[in-house]
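Working notes for the structure below.
The values are calculated or read from the model by the stated rules, or taken from the named source; none is laboratory data. Note that the structure is predicted; figures quoted are calculated from it, not measured. With ideal geometry, Cβ positions are generated from the backbone for all residues, glycine too; neighbour counts draw on all protein chains shown. These area figures cover heavy atoms from the full protein model, side chains too; ligands, DNA and RNA do not enter into them. Shrake-Rupley method; radii C 1.70, N 1.55, O 1.52, S 1.80 Å.
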Amino acid sequence: MRRSVVLLLSIGLSFFLLTASAVHAQNSAATPIDRISVADGFKVELLHTVPADQEGSWVNMTPDPQGRLIVSDQYGSLYRVTPGSDAAATTVEKLKVDIGEAHGLLCAFDSLYVMVNGNAAEGSGFYRVRDTDGDDQYDEVKLLRKMPGGGEHGPHAIVLSPDGKSLYVCAGNHTDLPNPEESRVPRNWQEDQLLPRMWDAGGHAVGKLAPGGWVCKTDPDGKTFELVGSGFRNEFDIAFNPDGELFTYDADMEWDIGSPWYRPTRVCHVTSGSEFGWRSGTGKWPAYYPDSLPAAVDIGPGSPTGIAFGTGAKFPAKYQKALFICDWSYGLLYAVHLEPNGSSYTGTFEQFATASPLPLTDVVVNPKDGAMYFTIGGRRTQSGLYRVTYVGDESTAMVSGVDASQQAQRELRAKLESFHGSANLDAIEVAWPQLSNPDRFIRYAARIAIEHQPVAQWQDRALAEKDPVASMTAMIALARCGEPSVQSGIIEALSRLDWNKLSQSEQLSLLRAYGLTFARLGPPNAKTRDEVLGRLDQHFPAKSRSLNRELAAVLVYLEAPQVAARTIKLLLASQTQEDQVQYALVLRTLKSGWTLDERRAYFNWFNTTGSFRGGHSFSGFVQNIRNEAIASLDEKEKAALADIINAKLEATDPNVTVAARPFVKKWEVADLLSAAEGTGRNFERGREMFGAAACFKCHRFAGEGGIIGPDLTGVGKRFNNQYLLESLIDPSKVISDQYQASIFVMNNGQTVIGKVANLNGDKLMVITNMLEPGAFTNVATGDIEEVQPSRVSMMPNGLLDTLSQEEILDLLAYLKSGGDASDPAFTQ
C-alpha cells in the first residue's frame, strides 16, 4: 500500500523537490500541496496561508470543544481558525485577549491553557484563560506559575492526562525547574561525570546543569507541580498513547554531529521518575548507562517540534495507532509505529509526509472531524495550516489502540512507580525482588522506588545482596544516595562479582557502578585503587567498543599502568572518527604513566584529524582536547614535543583518506555478483573496508559510525546482493525522493546543489557536501530563478575503486551481517 522505499547508500536525509513556483511564492504563500509527498491514500489540503505581516508565523495549536483550532504566532497573538470545506471556506479571527507567544496550548476544564514562551502577558509562564461571560471570547487571563526560562529551549507543551483529571507540561533544558512541590525523580541528580567534562566548544549551554529538560504533572489550577521525568535536551511536545503511556520526541545537539557524544533525535517513553541522561558538552550519557533509560526509537538528525498520536483520526488502523512527529529543519512528518517490548516499547518509523521547505511546527488530530492538521512556520518563516485526510480504500473504522500483550509487565512497573515520590514502608519489600528483573524499565522503576526510601532502611541489605544484577542495581542506588563512608562497602560488594560470568550489558553496568561510586563519593584510597585495578585492568582492551570506552575511562581515572599505551593503540586502530575522538578525550586527563614516545604518538594523532568533519562545534572540540592535553605537560615535555604541539591544525579534504589508496579497478556489478554468494569471508576486513571506503564518515552500522547518512545496520535483511552492489557502485542509478538533492539555479547564473537542512526567514541553509555537515551555503529565496531535482546522488562515485575484489566481497558480507561476526558467511 505504501510507495516503495528505495534504499540508497547515498548520503543524506529526507529531501524533496522545491520548485521555482514554490520559491518565488515563499514570502506570500505556504508550500504548495503539489510539492508535498504523502503516504499512499492520503490527501493534503492547504487551508490557510498565513500573512506574515498580519498573523506572524504559527508554531502551536489545539482543537477547542467546537472543533475550531486555537493557534499561536511565535512572536505575537493567538488566532482561532474555523476549518472549512476548503481554503476559501476557512476563516481566521484574531482573539481579543492579551496573551500570545505560546509554545503550548490546550483546551480543557472549560479553559484555554497557554504556555507563554516570551514576553506576552506577564512573561514566560503557565496561564489559564477563560470566557467568563459566555460570549465565545476569552476575557480573563490568570498566571498560574512563572516559568524560569524562555527561547527555543524554554517552556513548551501542555497536554491532558489520560484520566482527564490532570495536566502535563514540558520544558527544554534552558528552563529551570519551576519549584515543583513534589518529585517522582529523586532530588539527588548530579552531573555524574567520572572524568572532567568539556563544555561545548561553540559556547552553547555552557554552565547548564542537570536535570536538563523536564516533564511535570499539575492540577487544573496549577497549584501543585510534580516532576515526572528529566534529562532531556529540548523536548517540544508530549503525547499519551491509548495505553496511557507518555512519549516525547527529544532534540539532538546538531553541533555535536561527528563526535562520540552526539545523540540523535529520539522518541522517548517518559515513565515515572525517568532520567534520559542529557548533560551539557561532552557529558551526555550513553544510552547503556543503567542509571538512565534508553530511547524507544532513534530517529536521526533533525529539529523536533509537535507530536501527536493518531488516536481518533479517520485513518487506517496502522496510522490510528501511530505516533506522528514533526521535524522542522528537514521538513519531515514521520509516523512512528511503536510495539510493546516488556513494560516499555520499541518501534520503527516511516516518512509520512515531506516537502522542502516544510518547517513543521505542530500536528493535532481534531476529534470533531477525525482529520489531522499540521502547521508550518517558526523563526519568522512562511507559515501555513494544512489538513490531512484519508481517501484510500482501507477501512477507517475506529480501533481501540490499546495493546494488552504486555499489560502484566506494564502493571508491574506501575505498581513500583506508585512508590515514587514518598516514603512507604512497603516499598522496599515490593521493589527489592525487581532489582534483578530482566526488563530494564521495571528494574529502573524498582531502583527509583528504593531511592525514595530512607537509606538507613536498605543500605545493609544492599551491601549484602548476592544476585549480581540486583547487587549492581543496588550499588548504583547506594552510590547515588549514600554517604562517602559507604564507598568501601560498595567496592567490596562489586568485587564479589565475577566479570567473566557477566553479560556485556552487565559488565557495562558494573563499570558504571564503579564510575558513579568514584564520581559521587570521591576518589578511592591507594588500597582500594589497587583492588579495583586488580579486577578490571586485565580486561582492557576488550572486544567491545562500548566496554573499551568505559574501561578506558575508569582505568585513566585510576591511572592504571600502561593505560596510555593501550588506549593509544586503540585510538590509532579505530576505523571511525567518533571512536578516535573518544579515546583522545579520555587520554587528555591522564597525568602520569606516559613515555615520551607515547606522548608523541598521541599529539601526532591530532595532525591527522584535518579530514575529520562534524557539526559546528566539532573542530573546536578537537582543538580544545589538544589544548587541555598540552596544558597537562610539564616544561620538559613541552620542550621535547615543541615541534608537534606548536604546529597549527589544518583542515584537509575529507576525501583524501579515500584517495590515498591506490586505484584498483572501475568495478561493475557483473564483476562481483557471481562471487558474492560465497562463504569464508573475513569480518574484520569487511569492517576495515567499511572505513576505507569512507562509509563510516556518514553512515552508522552496528552502533558505530556517522549519523548524517541512513543507518545501514539492517540492509542485509532487506536487499539482495545485486541491489546492494548497484547501490555501492552506481549510487545515482535510482535515487529515492527520500535522499534526493536539488539544484538551485540562481538569478546570477550560479547553481547550488544540496539539501535544505535549516531555514530562517527567507533564507535556506543548504548542505552541499555531506562530508562537511556543519558547513552551510545560504540561499536567499528571492534570488532563486529555478529549482530542479538533482539526478546525481550525493554519495560520491568510485568509493570501491581502490578496493580489491576480496575486500569488496568482505565489505558486502559485513553489510549483510548486520555487524554480527558469528554470521555463517564468515570464517569462524
| Flag if residue 362 is open to solvent by less than 10 Å² (accessible area, probe 1.4 Å) and either touching an Asp or Glu at 6+ places or on another chain (Cβ under 9 Å) or of a type in the set (D, E, K, R) (or both) | yes
| Scanning for something β-branched (Val, Ile, Thr), modelled with pLDDT under 80 and open to solvent by 80 Å² or more (accessible area, probe 1.4 Å), does the range 676-686 turn up at least one residue? | yes
| Test for residue 213: is it on the phi > 0 side of the Ramachandran plot and not acidic (Asp, Glu) | no
| Going through the range 112-127 one residue at a time, which ones are surrounded by fewer than 21 Cβ atoms within 10 Å (Cβ to Cβ), closer than 24 Å to residue 305 by Cβ and in contact with a Lys or Arg (Cβ under 8 Å, 6 or more places away or on another chain)? | 123
| Any residue in the range 577-596 that is polar (S, T, N, Q), surrounded by fewer than 17 Cβ atoms within 10 Å (Cβ to Cβ), without any contact (Cβ under 8 Å) to a residue 60 or more places away in the chain and within 30 Å of residue 697 (Cα to Cα)? | no
| field | Whichever residue in the range 479-489 is open to solvent by less than 50 Å² (accessible area, probe 1.4 Å) and of a type in the set (Gly, Ala, Ser) and, among such residues, is farthest from residue 421 (Cα to Cα) | value | 489
| query | Which of the residues that make up the range 490-514 are polar (S, T, N, Q) and open to solvent by less than 30 Å² (accessible area, probe 1.4 Å)? | reply | 507, 509
| For the range 264-375, which fully contained strands (runs of 3 or more DSSP E) count at least 2 residues that are of a type in the set (Phe, Trp, Tyr)? | 344-354
| Which residue out of 102, 157 is in contact with a Cys (Cβ under 8 Å, 6 or more places away or on another chain) and either modelled with pLDDT of 95 or more or within 24 Å of residue 54 (Cα to Cα) (or both)? | 157
| note | Restricted to the range 299-312 and to residues being touching a residue at least 60 places away in the same chain (Cβ under 8 Å) and farther than 22 Å from residue 200 by Cα, the residue most open to solvent (accessible area, probe 1.4 Å) is 311
| query | Can you spot a residue in the range 432-453 that is among the acidic types (Asp, Glu) and open to solvent by 60 Å² or more (accessible area, probe 1.4 Å)? | reply | no
| query | If a residue has to be open to solvent by 10 Å² or more (accessible area, probe 1.4 Å) and touching a helix residue (DSSP H, G or I) at 6+ places or on another chain (Cβ under 6 Å) to count, how many in the range 462-478 make the cut? | reply | 5
| request: Determine whether residue 63 is closer than 30 Å to residue 143 by Cβ and modelled with pLDDT of 95 or more. | output: yes
| field | Flag if residue 236 is under 18 Å from residue 303 (Cα atoms) and either free of Cβ contacts under 8 Å to residues at least 12 places away in the same chain or touching a Phe, Trp or Tyr at 6+ places or on another chain (Cβ under 6 Å) (or both) | value | no
| Hey, any hits in the range 276-289 for a residue that's surrounded by fewer than 22 Cβ atoms within 10 Å (Cβ to Cβ), out of contact with any Lys or Arg (no Cβ under 9 Å at 6 or more places or on another chain) and under 30 Å from residue 628 (Cα atoms)? | no
| remark: When restricted to 167, 177, the only residue among the hydrophobic types (A, V, I, L, M, F, W, C), open to solvent by 30 Å² or more (accessible area, probe 1.4 Å), over 30 Å from residue 589 (Cα atoms) and in contact (Cβ under 8 Å) with a residue 12 or more places away in the chain is 177
| Would you pick out the residues in the range 43-97 that are open to solvent by 20 Å² or more (accessible area, probe 1.4 Å), in a strand (DSSP E or B) and either closer than 27 Å to residue 352 by Cα or among the polar types (S, T, N, Q) (or both)? | 43, 45, 46, 48, 49, 63, 77, 82, 91
| Tell me, which residue of the range 389-431 that is among the charged types (D, E, K, R), within 22 Å of residue 312 (Cβ to Cβ) and over 29 Å from the mean Cα position of the chain (by Cα) is surrounded by the most Cβ atoms within 10 Å (Cβ to Cβ)? | 394
| request: Please enumerate the residues belonging to the range 347-391 that are touching a helix residue (DSSP H, G or I) at 6+ places or on another chain (Cβ under 8 Å), small (Gly, Ala, Ser) and over 29 Å from residue 710 (Cβ atoms). | output: 383
| Among the residues of the range 432-459, which ones are assigned to a helix (DSSP H, G or I), over 30 Å from the mean Cα position of the chain (by Cα) and not aliphatic (A, V, I, L, M)? | 432, 433, 457, 459
| said: Restricting to the range 79-98, give me the number of residues that are touching a residue at least 40 places away in the same chain (Cβ under 8 Å) and out of contact with any Asp or Glu (no Cβ under 9 Å at 6 or more places or on another chain). | reply: 3
| message | Just to check your reading of the model, which residue among 744, 696 is aromatic (Phe, Trp, Tyr), outside any strand (DSSP E or B) and modelled with pLDDT of 70 or more? | response | 696
| said: Let me confirm something: among 61, 115, which residue is closer than 30 Å to residue 394 by Cα and either of a type outside the set (D, E, K, R) or in contact with a Cys (Cβ under 6 Å, 6 or more places away or on another chain) (or both)? | reply: 61
| message | Looking only at residues that are crowded, with 19+ Cβ neighbours inside 10 Å and under 29 Å from the mean Cα position of the chain (by Cα) in the range 597-615, which one is nearest to residue 561 (Cα to Cα)? | response | 606
| task | Filter the range 561-576 down to the residues that are aliphatic (A, V, I, L, M) and open to solvent by 10 Å² or more (accessible area, probe 1.4 Å), then identify the one that is farthest from residue 697 (Cα to Cα). | result | 565
| query | Could you say which residue among 331, 342, 377 is open to solvent by less than 10 Å² (accessible area, probe 1.4 Å), on the phi > 0 side of the Ramachandran plot, at pLDDT 95 or above and not charged (D, E, K, R)? | reply | 377
| message | I'd like to verify a number: residues in the range 98-114 that are assigned to a strand (DSSP E or B) and more than 15 Å from residue 159 (Cα to Cα), how many? | response | 1
| field | Qualifying positions in the range 633-649 - crowded, with 16+ Cβ neighbours inside 10 Å and either among the β-branched types (Val, Ile, Thr) or at pLDDT below 95 (or both) | value | 644, 645
